[in-house]
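First the structure, in the form of structure tokens, and then the observations on it.
The values are calculated or read from the model by the stated rules, or taken from the named source; none is laboratory data. Predicted, not measured: the structure shown is a model, and the values here were computed from it. Methodologically, a virtual Cβ is constructed for each residue, glycine included, from the backbone with ideal geometry; neighbour enumeration extends over all protein chains shown.
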Amino acid sequence: MSNSEAGFKELAQNLAKRGIGIEQMTIVLEPTSQYHKALLYWLYEHKARACMVNPADVRHFAKSLGKYSKSDGLDCFVLAQFAQTRELITWQPPARIIQNLDSLLHLRHQIVVERGAAQVRLSELPSDALQTVKDCYSKTLEHFKAMEKEVNHEIQKLIDSDVSLKQKHKLLQTSPGIGPVVASLMLVIFETKQFTKSCQVPAFCGVTPKEFQSGTSVLGQTRMTKRGPAQVRAGLRMAATAIVRSKRRSTLKVFYESLLAKGKSKACALGAVMRKITLVAYAIWRDSNAFNGFVS
């Protein structure tokens, strides 16, 4: 079946032949870049219950069943078994403006990746490379820079078109380290996910610590879970780096320095600051209050 309305209708027809209406179904699926979104919206419009699950969780679950192979049929079986052991959250479509913001941020991420690759290719050229080659790479780099600037403008324009979104976006930027891009990323998360506790935010973003310890003889290095979107973690890392390098002291920078004083590595302390940023951002968004944790 194709990933189109025609394919979705074919799915519904096949279910109807078995006496099952699409509105009676709970559809469990893994997100795949942008590929899954058309199906999600179609299912919502046709009153079916759609639930998205974390692919990493499903893969670990499959291994627990002794299923190490991967095929479409096996994936369906594992997803069905997984759904029966978990309390699933029904997917709800975000507001249209959030959908558009998410699309623009996804586009921006792709442009930034391509811009970075173009920058590397240009820097790796030998000094005696043909001028035509240098010019071509330079034009490519400038093209991506111009595209990034244009998309940034469209993102801000979209946010400014909504009074509530504009206010929340502005408030998020009162936190040290959080600029327009990270604020936009956090807005999409907060407006689309149904968090009931603040600790769920860093868990979703994949910045909570993952310990590896057994008894007294096995003590591995604590690492981030890295469960959430890599784009968000990259933004949080830049935000945390800006905080620790800033001359202006905030409670977040004091927190970082206290961890170093306790013997924590810089990488570990930076990861802890990333986690704190998500908690601060969620508090700002939830309470509509500006950050006021500056020490001096």
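For Arg275, are the conditions met, namely being under 14 Å from Gly177 (Cβ atoms), in contact (Cβ under 8 Å) with a residue 40 or more places away in the chain and out of contact with any Gly (no Cβ under 9 Å at 6 or more places or on another chain)? It would help to see each step written out before you state the result.
On the way: under 14 Å from Gly177 (Cβ atoms): yes; in contact (Cβ under 8 Å) with a residue 40 or more places away in the chain: yes; out of contact with any Gly (no Cβ under 9 Å at 6 or more places or on another chain): yes.
Judged against the criteria, Arg275 is a match.
Report yes if some residue within the range 114-132 is surrounded by 13 or more Cβ atoms within 10 Å (Cβ to Cβ), in contact (Cβ under 8 Å) with a residue 40 or more places away in the chain and within 24 Å of the chain's Cα centre (by Cα); otherwise report no.
Within the range 114-132 (the criterion being surrounded by 13 or more Cβ atoms within 10 Å (Cβ to Cβ), in contact (Cβ under 8 Å) with a residue 40 or more places away in the chain and within 24 Å of the chain's Cα centre (by Cα)), the answer is no, since none of the residues qualifies.
List, please: which pairs have Cβ atoms under 6 Å, are six or more places apart or on different chains, and start with a residue in the range 65-94 that is touching a residue at least 40 places away in the same chain (Cβ under 8 Å) and end with one that is polar (S, T, N, Q) and part of a helix (DSSP H, G or I)?
Within 6 Å, the pairs are Pro94/Thr192.
Do we find that Gly19 is over 24 Å from the mean Cα position of the chain (by Cα), on the phi > 0 side of the Ramachandran plot and not hydroxyl-bearing (Ser, Thr, Tyr) in this structure? Break it down stepwise before answering.
Numbers: over 24 Å from the mean Cα position of the chain (by Cα): yes; on the phi > 0 side of the Ramachandran plot: yes; not hydroxyl-bearing (Ser, Thr, Tyr): yes.
Yes; evaluated as a whole, the condition is true for this residue.
Got a sec? Which of Lys63, Lys67, Lys47 is of a type in the set (D, E, K, R), closer than 27 Å to Leu101 by Cβ and modelled with pLDDT of 85 or more? So that I can check it myself, show each step before the final result.
Working: Lys63 fails: closer than 27 Å to Leu101 by Cβ; Lys67 fails: closer than 27 Å to Leu101 by Cβ.
After applying the criteria, what remains is Lys47.
Among residues belonging to the range 165-182 that are of a type outside the set (D, E, K, R) and in a helix (DSSP H, G or I), point out the one that is surrounded by the fewest Cβ atoms within 10 Å (Cβ to Cβ). Don't jump to the end; show me each part of the working.
Restricting attention to the range 165-182, the residues satisfying the condition of being of a type outside the set (D, E, K, R) are 165, 167, 169, 171-182.
Retained after the next criterion (residues that are in a helix (DSSP H, G or I)): 165, 167, 169, 171-172, 180-182.
Working: Leu165: 19, Gln167: 12, His169: 22, Leu171: 19, Leu172: 25, Pro180: 15, Val181: 19, Val182: 23.
Filtering first and then ranking leaves Gln167.
Kindly provide the set of residues from the range 88-145 that are part of a loop (DSSP other than H, G, I, E, B) and aromatic (Phe, Trp, Tyr), ordered by number.
Step one: of the range 88-145, the residues part of a loop (DSSP other than H, G, I, E, B) are 88-95, 124-130.
Correct list: Trp91 only.
In the range 12-37, which residues are assigned to a helix (DSSP H, G or I), touching a Leu at 6+ places or on another chain (Cβ under 9 Å) and either exposed (fewer than 13 other Cβ atoms within 10 Å of the Cβ) or without any contact (Cβ under 8 Å) to a residue 24 or more places away in the chain (or both)? Even if it seems obvious, please write down each step before you answer.
Filtering the range 12-37 for residues assigned to a helix (DSSP H, G or I) gives 12-17, 22-24, 37.
Then keep just the ones that are touching a Leu at 6+ places or on another chain (Cβ under 9 Å); that gives 22, 24.
Selection gives Gln24 alone.
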